[in-house]
There are 2 protein chains.
Amino acid sequence: MLVQQLRKVLTNNNIYSQHSIKLIACYSTNVKRTKIFESATAAVADIPDGSKILFGGFGVCGIPEKLIDALKTKGVKDITAVSNNGGVEDWGIGLLIQQKQISKMIASYVGENKELVRQYLAGELAIELTPQGTIAEKIRAGGAGIPAFFTPTGYGTLIQKGGAPIKYGNNGKVDIVSRPKPVQTFNGKDYVLEESIFADYAIIKAHKADPYGNLVFNKSARNFNAPMSRAAKTTIVEVEDIVPVGALTPSEIHIPGIYVDRIIKGENYKKRVERLRLRESDENKSKSSPGQELRERIAKRVALEFRDGMYVNLGIGMPVLSSNYIPKGMNVMLQSENGILGLGPFPTKEQVDPDLINAGKESVTVVPGASYFGSDESFAMIRGGHVDITILGAMEVSATGDLANWMIPGKLVKGMGGAMDLVAAPGTKVIITMEHNAKDGSPKILDKCTLPLTGQGIVDLIISEKAVFAVEKGVGLTLLEIAEGLSVEDLRLCTGAQFEVSSKLKKMAQIGEN
Amino acid sequence: MLVQQLRKVLTNNNIYSQHSIKLIACYSTNVKRTKIFESATAAVADIPDGSKILFGGFGVCGIPEKLIDALKTKGVKDITAVSNNGGVEDWGIGLLIQQKQISKMIASYVGENKELVRQYLAGELAIELTPQGTIAEKIRAGGAGIPAFFTPTGYGTLIQKGGAPIKYGNNGKVDIVSRPKPVQTFNGKDYVLEESIFADYAIIKAHKADPYGNLVFNKSARNFNAPMSRAAKTTIVEVEDIVPVGALTPSEIHIPGIYVDRIIKGENYKKRVERLRLRESDENKSKSSPGQELRERIAKRVALEFRDGMYVNLGIGMPVLSSNYIPKGMNVMLQSENGILGLGPFPTKEQVDPDLINAGKESVTVVPGASYFGSDESFAMIRGGHVDITILGAMEVSATGDLANWMIPGKLVKGMGGAMDLVAAPGTKVIITMEHNAKDGSPKILDKCTLPLTGQGIVDLIISEKAVFAVEKGVGLTLLEIAEGLSVEDLRLCTGAQFEVSSKLKKMAQIGEN
């Protein structure tokens, strides 16, 4: 990238011409180029205000903590930050938000950072909420010379139709909303056109580098660091170890050095675990409450959907519970959107590794036969329909299979994370698990969703504590199973949509029963 | 993919309904699913005539030789084959071509297989010649749930404008030509819309697998095997070794098992080297001929373009020669489109590895600090402009920077290989090296190319044995250097285009001179 950098500097200073480039480049022939910088401060020294910067990491896992600190100290302002989420308030990118160094964020999830949400609702900062897989693919495309691509993700939602709030005014009203995106049909299915992301800088973290910039990541800390390394004019990497040229075998290198411009070695990594979860021994297992019994009833029904050899993505919360009920001897591989295939149980205290978390940012382990990959690969896997089943929670589901689970306008700003991608894959069965009714008793299964959609016509099966419904295109809801003690009439009263009753209607099944 | 497979079988047999699927899936609960098949014959047993099949490999490097043999024996007919090139006549995919099992090919290069070209020109088989990077990206997109994407590759050529011959009639005339493709401008640059490829089967080769289907490739044998594994309903892999679950560390796995459906272990691999090249000792270096002197003069001028830290892609033939003149102590990393960064010299007899070849299918070595990757990553790197310089040969170059080097209609059918991708990246300097005139003395530098283009307005510098020209948008050709003993007038006589003369015109420089 040497020639390009020179060209850029010369162009910016209005002294560009092919001849002058040649001259200057000749002078540099004898200067041995190195990518290793002596400090984080030196590595970010030339980053100007107003830069568009990609920040690696998922939550606080795999974040470039030293480089972020240096950016904070330098006080770079008016940053457009691309980061999967808003992190936490007092660490990582949260530090730059605290200091109001960021004027715009492109993120899929901001739910863990109250200050970020406050700034957003107060009109101090813009947020372009973007599905996680779409961010990953926009970045992958940007690095790969692809200016735009079609994706099923977000079709029929605010993301495609426009109108998602990007910036609030100081009066609490929305000043800027997202624009509608072009759509096109391929093979009978509708897709959205998304443009790629290419930034001024990528600020990322890897485990090891060699002086050529070849990178190796640790476990699930690969996440967005991998695709981001390829999608910026200048890629700056901090690592825990710099090894000699040749110490990394050519086959183990995750990111070839061609993408990397600057390397620094960080010391004394703090590496927080956002949500420490430990394996429960039989003694300290929490006592069951009525709420928990309900959730376990749903989880035990979900577990009946598992088959040997299946690949399953479990949403945060209730869906994850069902993994406790995978029958012994059945091999179900759990996919985690942050870059793991083969999630295992929560770790013991000794096993905890901050570089190994799930999509809920909880400490986890992996099973033998697991693999790690970047967020671009993870969502290629998801969007490509390679996952057999995806299980998600819902705020509302419609009789035509629409799902709403990411936003309550004016009230709840969290973001869609990977949910829009997970439901968009043709080929992947979408199972919704949820309490049948909201806390105020109102139905969550409706003729038509009232909240902004996560996906349109994408639900295949609904499992609540009261019933199991199949959702079929052109048919609507069919009641397949009903909880013990409930009549079909009871169910009609607490359900906000018409449904057919299967001729084979049966009692709601539970794993382990016959 | 179990559920999807079941659904497909049931749909094909008109017995699909959600309930019957459930029933059948329940029966399978106790059947432990395995991906390991006992033989290549068993693994391809259900492949019907008329299938669309992806074939891994680059030339004959990394081809699934056992599975191809099994397909040959089974006699599957009317195959639509996606394969980067046509291989050789008597090995690999060439065996299926010999037996007329393939009715259509999607390939970037067919120059090494005379029988394939014969069948094509005789109208016995259709060929959709497609740029190598576009094939790789179509496959990557197919596996990633992206139905279409925009690429700079091929804009302004037959690939975009339509009219490339796909099928000849038996009268020698072209029966079917390629259709024009939609174009769109992003950020002032023109792009072509390409649709993705998703096949019925992927037939690929890896080095090792575990029973879950996790794959590890060897050196440059990764090539198209990696992206193809993700882009088919059924992916069948042959490997040299099956290791136990857990034997592959999660970070070293190149392809997670989720993409793999069937695995067989092959025995007695033949692994041909298409073009064995050995390092020349000083004694056996070939004596220089006038033709060679001319080529070396060009190569020694090209070498002046190298700078420390650059990444360079050298086309097959003359461009490769210039790597002999990289100054000692200067680090120039050579990219090879088949998935290597850090090409080294030709091997000694002992170093030859059939799994390690360059884009010209010659045996090579790598330097310390090299890395291997798949063809999708390689062309993402190329198309994304991460390579500083690409050096290519030419049949014709125009004063506006058009390049023609892939086809002489009705005469020469070879294919564009990766050339259209290499020249399409904005940000990458395109240097053309060529003899100034054709063998019949006619000029190759023209006002306008007469042959089908490889790229439009993409050449930056032309180096012949007679002169060096800069090509600038809106300016045209500027003569920068001229060979000793030639006058500007001499040059005008043998050049088919007008050119300006630089006020700093100098004698053609050579590396090592002052």
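The values are calculated or read from the model by the stated rules, or taken from the named source; none is laboratory data. Note that the structure is predicted; figures quoted are calculated from it, not measured. A quick note on method: Cβ atoms are made from the backbone with ideal geometry, for glycine too, and the neighbour counts reach across all protein chains shown. Heads up: the accessible areas ignore ligands, DNA and RNA and are worked out on the full protein's heavy atoms, side chains in. Shrake-Rupley method; radii C 1.70, N 1.55, O 1.52, S 1.80 Å.
Determine the shape class of region A:245-319: with a ≥ b ≥ c the square roots of the Cα gyration tensor eigenvalues, call it rounded for a/c under 1.5, and otherwise prolate if a/b is greater than b/c, oblate otherwise. Working shown, then result.
Working: a/c = 3.52, a/b = 2.00, b/c = 1.76.
Verdict is prolate for region A:245-319.
As I understand it, the dipole of the protein assembly as shown uses +1 on the Cβ of Lys and Arg and -1 on the Cβ of Asp and Glu, about the Cα centre. Which of B:VAL88, A:LEU491, B:VAL117 lies farthest toward its positive end?
A:LEU491
If only Cα atoms are counted, what is the Rg of region A:68-126, and what is its Dmax, in Å?
When restricted to Cα atoms, region A:68-126 yields Rg and Dmax of 10.1, 28 Å.
Compute, for chain B, the length of the dipole vector about the Cα centre, with Cβ point charges of +1 (Lys, Arg) and -1 (Asp, Glu) only. Units Debye, rounded to 20.
1040 debye
Could you give me the ³J(HN,Hα) list for region A:349-361, computed from phi with Karplus coefficients 6.51, -1.76, 1.60 and θ = phi - 60°, whole Hz, x at Gly and Pro?
With coefficients 6.51, -1.76 and 1.60, one gets 3, 6, 7, 4, 10, x, 7, 10, 10, 9, 5, x, 6 Hz.
Which whole number in µm²/s is D for chain A by Stokes-Einstein, with the Kirkwood Rh taken over Cα pairs at 10 °C and 1.306 mPa s?
Numbers: Rh = 24.3 Å.
Once the numbers are plugged in, D ends up at 65 µm²/s.
Can you find, among A:GLY441, A:SER251, A:GLY143, the residue sitting farthest towards the positive end of the charge dipole of chain A, where Lys and Arg contribute +1 and Asp and Glu -1 at Cβ?
After comparing all options, I get A:GLY143.
Roughly how many percent of the accessible protein surface of region A:74-148 is carbon and sulfur, given a 1.4 Å probe and a whole-percent answer?
Accessible surface attributable to carbon and sulfur in region A:74-148 totals 46 percent.
Ignore the peptide's own chain and count Cβ atoms of other chains within 10 Å of each Cβ in A:363-372; give me the average, rounded. Write down the numbers at each step before the final one.
Details: counts 0, 0, 0, 1, 4, 8, 14, 11, 15, 6.
Across A:363-372, the average partner-chain Cβ count within 10 Å equals 6.
Give me D for the protein assembly as shown in µm² s⁻¹, whole number, from Stokes-Einstein with Rh from the Kirkwood sum over alpha-carbon pairs, 4 °C and 1.567 mPa s. Spell out each step's value before the answer.
Numbers: Rh = 30.1 Å.
The estimated diffusion coefficient comes to 43 µm²/s.
Kindly provide the trypsin sites (Lys or Arg not before Pro) of region A:290-349 that DSSP labels as loop, not H, G, I, E or B, and whose Cβ sees at most 13 other Cβ atoms within 10 Å.
Within region A:290-349, the qualifying trypsin sites (Lys or Arg not before Pro) (loop, at most 13 other Cβ atoms within 10 Å) are A:LYS328.
Which value in Å does the Kirkwood hydrodynamic radius of region A:280-357 take, with 1/r averaged over all unlike C-alpha pairs and then inverted?
Details: mean 1/r = 0.0717 Å⁻¹.
About 14.0 Å, per the Kirkwood formula over Cα pairs.
Could you grab the Rg to Rh ratio for region B:39-158? Cα atoms only, Kirkwood for Rh.
Numbers: Rg = 14.5 Å, Rh = 14.9 Å.
Result for region B:39-158 is an Rg/Rh of 0.97.
How large is ³J(HN,Hα) for each residue in region B:233-242, as worked out from phi by the Karplus curve 6.51 cos²θ - 1.76 cosθ + 1.60 (θ = phi - 60°), to whole Hz, x for Gly and Pro?
Each residue of region B:233-242 in turn: 4, 10, 9, 10, 10, 10, 9, 8, 8, 10 Hz.
Using 0.36 nm times the number of residues separating A:ASP190 and A:VAL475, minus their current alpha carbon distance, what extension gain do you get? Provide the component values of the computation, followed by the final result.
On the way: separation 285, 0.36 × 285 = 102.60 nm, distance 2.01 nm.
Length gained between A:ASP190 and A:VAL475: 100.6 nm.
Using all C-alpha to C-alpha distances in region A:71-229, build P(r) with 10 Å bins and read off the rounded percent in each one.
Calculated over all Cα pairs of region A:71-229, the distribution is 10, 34, 36, 17, 4, 0 percent.
Within 10 Å of each Cβ in peptide B:309-317, how many partner chain Cβ atoms are there on average? Round it to a whole number, please.
That works out to 3 on average.
With viscosity set to 1.002 mPa s at 20 °C, what whole-number translational diffusion coefficient in µm²/s follows for region B:442-514 from Stokes-Einstein and a Kirkwood radius over Cα pairs?
Values: Rh = 13.1 Å.
Rounded, D is 164 µm²/s.
How big is the dipole moment of region B:371-510 about its Cα centre under a simple scheme where the beta carbon of each Lys and Arg is +1, that of each Asp and Glu is -1, and everything else is neutral? Debye, nearest 20, please.
It works out to roughly 120 debye.
With a ≥ b ≥ c the root eigenvalues of the C-alpha gyration tensor of region A:375-422, is it rounded (a/c under 1.5), prolate (a/b larger than b/c) or oblate? Walk me through the intermediate numbers first.
Details: a/c = 3.23, a/b = 1.50, b/c = 2.15.
Oblate, because a/c is 1.5 or more while a/b does not exceed b/c.
What's the extension gain from B:ALA438 to B:ASP175 if we count 0.36 nm per residue and subtract their Cα-Cα distance?
So the extension gain works out to 91.5 nm.
Taking amide H positions as placed 1.01 Å from N in the peptide plane, with prolines and chain starts having none, which residues 5 or more places from A:HIS386, or on another chain, fall under 5 Å of its amide H?
none
Could you check how much of the accessible area of region B:170-255 is carbon and sulfur, as a whole percent, using a 1.4 Å probe?
46 percent
Does region B:285-410 classify as rounded, prolate or oblate by the C-alpha gyration tensor (a ≥ b ≥ c root eigenvalues; a/c under 1.5 gives rounded; else a/b over b/c gives prolate, otherwise oblate)?
Rounded.
Size of region B:168-313 along its principal axes in angstrom, Cα-based, largest extent first?
In descending order, the Cα extents are 58, 50, 46 Å.
If I take R0 = 56 Å and measure r between the Cβ atoms of B:ASP447 and B:ILE36 in this structure, what FRET efficiency does the formula 1/(1 + (r/R0)^6) give, to the nearest 0.05?
0.35
Tabulate in residue order the Karplus-calculated ³J(HN,Hα) for region A:63-77, using 6.51 cos²θ - 1.76 cosθ + 1.60 with θ = phi - 60°, rounded to whole Hz; enter x for Gly and Pro.
Going residue by residue, I get 7, x, 5, 6, 5, 5, 4, 5, 5, 5, 4, 5, x, 4, 10 Hz, with x marking Gly and Pro.
With no solvent and one point per C-alpha, what does the Debye sum give as log10 I(q)/I(0) for region A:342-478 at q = 0.10, 0.21, 0.22 Å⁻¹?
Debye output, listed in q order: -0.40, -1.25, -1.30.
Assign unit charges at the C-beta atoms only (+1 for Lys and Arg, -1 for Asp and Glu), then state the dipole size of region B:298-386 relative to its Cα centre in Debye, rounded to the nearest 20.
420 debye
Considering the dipole of the protein assembly as shown built from charges on the beta carbon (Lys and Arg +1, Asp and Glu -1) around the Cα centre, which of B:ALA206, B:GLY474, A:SER464 is farthest to its positive end?
B:GLY474
At B:LYS100 and A:GLU484, where each label point lies 7 Å from the Cα along Cα→Cβ, what is the point-to-point distance in nanometres?
A separation of 6.9 nm, rounded to one decimal place.
Using 7 Å Cα-to-Cβ label points, what is the B:SER503/B:LYS74 separation (nm, one decimal)?
In this crude label model, B:SER503 to B:LYS74 measures out at 7.1 nm.
For region A:116-208, what Kirkwood radius comes out of the mean inverse Cα-Cα distance, in Å?
Computed over Cα pairs of region A:116-208, the Kirkwood hydrodynamic radius comes out at 14.9 Å.
Show me the ranking of peptides A:48-60, A:334-346 by mean Cβ neighbours inside 10 Å, starting with the highest.
Order by mean packing, descending: A:334-346, A:48-60.
Leaving out ligands and nucleic acids, and using a 1.4 Å probe, what accessible area per residue does chain A come to in Å²?
Roughly 38 Å² per residue, with all protein chains present.
Compute the length gained on full extension between B:ASP90 and B:GLN510: take 0.36 nm times their separation in residues and subtract their Cα-Cα distance, giving the result in nm to one decimal. Could you put the intermediate results ahead of the total?
Details: separation 420, 0.36 × 420 = 151.20 nm, distance 4.36 nm.
Value of the extension gain: 146.8 nm.
Among the residues of region A:158-204, which ones have their accessible area go down by 50 Å² or more when all the protein chains sit together, as opposed to their chain alone (1.4 Å probe)?
The answer is A:PHE186.
To the nearest hundred square angstrom, how large is the accessible surface buried between B and A, total for both chains, probe 1.4 angstrom?
Accessible area lost upon association: around 7100 Å².
Which angle from 0 to 90°, rounded to the nearest 10, does the C-alpha axis of helix B:2-12 make with the longest principal axis of chain B?
With rounding to tens, the tilt is 80 degrees.
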